[in-house]
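Q: Dumping the structure here so I can ask a few things about it.
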Amino acid sequence: MKRSLPRPTSPRAAIAAKPARHIWGGVFAAILGGTCGTAAVAQQTGHALTFGLVVRVETDSNPSLSASGGSAVTQLFSDLTFGLSSATDVSTLTLDGALRLRAKDQNNSSALSTSNLALSYDRQVANADLSVKASVAEADLAASRAAIDFDLGGGTRTNARASVALNWGTAMPLGFGINAAWADTGYKNATDPALIGTKSVTLGVSARADLSKTLAVTAGLTHTQRTDATGLNRDTLDFDTGLVLTRPRSDLGLTLSVSNLQNNPRFGLTFDNSVALPNGTLTYSLGTTQGQNGQRAVTGGLNYATALPKGTLSVGLKRSLQSVGASAVDNLQSSASVQVTQAITPTANLDLSLNWAQKHDGLTNLNSANTNLSAVWSQSVTPDWAVNLGYTHRLRAQDLAASGSSNTVFLELRRSFSTQF
């Protein structure tokens, strides 16, 4: 497999990539599509168009997770999805979109609840690659969301993203990369005054040098400028360097990172390992990071996936120190997840998942935690039609506040079809 430089390069991102030696392809080939090489990874070529329709009715006993219990709400959703993909030997273009129409029982009102649109273009030649991505996603803050999502109250959140990355020398002993990204998070009709929109612009450069066939050194430099809706600005300069050791069944990485956040330095040291197992994969990292307040936190993560006799099992753990918007505040976030998919019959599956997340607020020194437990029975009626019956239990616990919980039951009918040309 061809080595593809991360954005910016770090052993953690490069640990799963192993280099294959090819002739020089050139940076311009990734942009102009020259005839200097073929794609490093073969893929199916052609065009495909997919459509999906979901009709869903659900009852939530306490949508706002109010400590007093709230009132139950029954809603009817209609989801429309589409996807367009085009692939050649050296490039892939995908366009995905979704619309959700919602009707509530309380006011018998209907409205466009959320919409999503994502565009991705990737091009790989023998010695270079180009990646362009853009997306816009809306989220209803009053609806059920992932456990890691700590935004409270009602309203609509919009996330817009765009990024471009160019790497060259990916199959040579010396490689380089440049990247740029833009992000905008905004809130409309938010009931929580703490939800403040932010914008960010990121520019970065990266480099990789192979010291031997199995050992490489990496480095990356990134500048990020963040601005929030109150006019607060923050500039961040990140530098990381490390080593990647490629072995037959596992890859080891060691990364040293330094960040200058408004003249408050942050240091981090992380060890990474990726292991290929007989029936799955295991990747983990362990390190320490110094926050803006000078205190150190143990950070890291673990991802394990394996095949079961009639299904799959995946486990994830993560602990990270994250800056909040344009402020000089660090939040310590921890999360854990377990997901099991089991085939009950040739046409029926049972999905079980448990997700937990905790946030330690660096400003208030308070903790909040979300727990989501769900079970979904999926029954295929025809090759195009399926019926899903599910249950979700949500629990929110906060310091200095009473806990809130909800139970959601839903029934949905799905249809999807695709055509290739």
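The values are calculated or read from the model by the stated rules, or taken from the named source; none is laboratory data. Since the model is a prediction, treat every value here as computed from it, not as a measurement. No Cβ is skipped: glycine too gets one built from the backbone with ideal geometry, and neighbour counts run over all protein chains shown.
Q: Name the one entry in A183, A165, A216, A209 that is in contact (Cβ under 8 Å) with a residue 24 or more places away in the chain, within 21 Å of D240 (Cβ to Cβ), in a strand (DSSP E or B) and touching a Gly at 6+ places or on another chain (Cβ under 7 Å). Steps first, please.
A: Numbers: A183 fails: touching a Gly at 6+ places or on another chain (Cβ under 7 Å); A216 fails: touching a Gly at 6+ places or on another chain (Cβ under 7 Å); A209 fails: touching a Gly at 6+ places or on another chain (Cβ under 7 Å).
Among A183, A165, A216, A209, only A165 is in contact (Cβ under 8 Å) with a residue 24 or more places away in the chain, within 21 Å of D240 (Cβ to Cβ), in a strand (DSSP E or B) and touching a Gly at 6+ places or on another chain (Cβ under 7 Å).
Q: Which one is surrounded by the most Cβ atoms within 10 Å (Cβ to Cβ) among residues in the range 293-321 that are of a type in the set (S, T, N, Q), in contact with a Gly (Cβ under 8 Å, 6 or more places away or on another chain) and more than 18 Å from S250 (Cβ to Cβ)? Working first, answer last.
A: From the range 293-321, those of a type in the set (S, T, N, Q) are 293, 295, 299, 303, 306, 312, 314, 320; that's our starting set.
Of the ones still in play, those that are also in contact with a Gly (Cβ under 8 Å, 6 or more places away or on another chain) are 293, 299, 303, 306, 320.
Filter once more, keeping what is more than 18 Å from S250 (Cβ to Cβ): 293, 299, 320.
Values: N293: 10, T299: 20, S320: 15.
That would be T299.
Q: Looking only at the range 301-313, count how many residues are assigned to a strand (DSSP E or B) and over 16 Å from the mean Cα position of the chain (by Cα).
A: Summing the residues that are assigned to a strand (DSSP E or B) and over 16 Å from the mean Cα position of the chain (by Cα) in the range 301-313 gives 8.
Q: Would you mind stating whether D228 is closer than 15 Å to G177 by Cβ, in contact (Cβ under 8 Å) with a residue 60 or more places away in the chain, surrounded by 15 or more Cβ atoms within 10 Å (Cβ to Cβ) and of a type in the set (D, E)? Don't jump to the end; show me each part of the working.
A: Numbers: closer than 15 Å to G177 by Cβ: no; in contact (Cβ under 8 Å) with a residue 60 or more places away in the chain: yes; surrounded by 15 or more Cβ atoms within 10 Å (Cβ to Cβ): yes; of a type in the set (D, E): yes.
No; evaluated as a whole, the condition is false for this residue.
Q: Being in contact (Cβ under 8 Å) with a residue 40 or more places away in the chain and among the aliphatic types (A, V, I, L, M) is the filter; apply it to the range 396-421 and report the residue that is nearest to Q290 (Cα to Cα).
A: In the first step, residues of the range 396-421 are kept if they are in contact (Cβ under 8 Å) with a residue 40 or more places away in the chain; the result is 396, 401-421.
Now narrow it down to the ones that are among the aliphatic types (A, V, I, L, M): 401-402, 409, 411, 413.
Details: A401: 29, A402: 32, V409: 43, L411: 47, L413: 49 Å.
That would be A401.
Q: If you go through the range 237-282, how many residues are under 23 Å from T312 (Cβ atoms) and free of Cβ contacts under 8 Å to residues at least 12 places away in the same chain?
A: So the answer is 1.
Q: Further, regarding this structure: Tally time: how many residues in the range 188-203 are in contact (Cβ under 8 Å) with a residue 60 or more places away in the chain and part of a strand (DSSP E or B)? If you could, list the steps in order and put the result at the bottom.
A: In the first step, residues of the range 188-203 are kept if they are in contact (Cβ under 8 Å) with a residue 60 or more places away in the chain; the result is 196, 198.
Filter once more, so that each one left must be part of a strand (DSSP E or B): 198.
Total meeting the criteria: 1.
Q: Working carefully through the options T202, T222, find the one that is of a type in the set (V, I, T) and out of contact with any His (no Cβ under 8 Å at 6 or more places or on another chain). Write out each step before concluding.
A: Values: T202 fails: out of contact with any His (no Cβ under 8 Å at 6 or more places or on another chain).
Answer to the selection: T222.
Q: Can you tell me which residue is farthest from E58 (Cα to Cα) among those in the range 353-374 that are surrounded by fewer than 14 Cβ atoms within 10 Å (Cβ to Cβ) and touching a residue at least 12 places away in the same chain (Cβ under 8 Å)? Before the answer, list the steps.
A: Start the filter on the range 353-374 by keeping residues that are surrounded by fewer than 14 Cβ atoms within 10 Å (Cβ to Cβ), which leaves 363-366.
Going one step further and asking which of them are touching a residue at least 12 places away in the same chain (Cβ under 8 Å), we end up with 363, 366.
Details: L363: 37, L366: 33 Å.
Looking at residues that are surrounded by fewer than 14 Cβ atoms within 10 Å (Cβ to Cβ) and touching a residue at least 12 places away in the same chain (Cβ under 8 Å), I get L363.
Q: For the range 58-71, give me the residue count where each residue is surrounded by 17 or more Cβ atoms within 10 Å (Cβ to Cβ) and part of a strand (DSSP E or B).
A: Looking only at that region, the number is 2.
Q: Anything in the range 72-94 that is part of a strand (DSSP E or B) and among the β-branched types (V, I, T)? List them, or say none.
A: Of the residues in the range 72-94, the ones part of a strand (DSSP E or B) are 73-87, 91-94.
Scanning the range 72-94 gives V73, T74, T81, T92, T94.
Q: A further question follows. Is one or more of the residues making up the range 242-260 at pLDDT 90 or above, charged (D, E, K, R) and outside any strand (DSSP E or B)?
A: Within the range 242-260, none of the residues are at pLDDT 90 or above, charged (D, E, K, R) and outside any strand (DSSP E or B).
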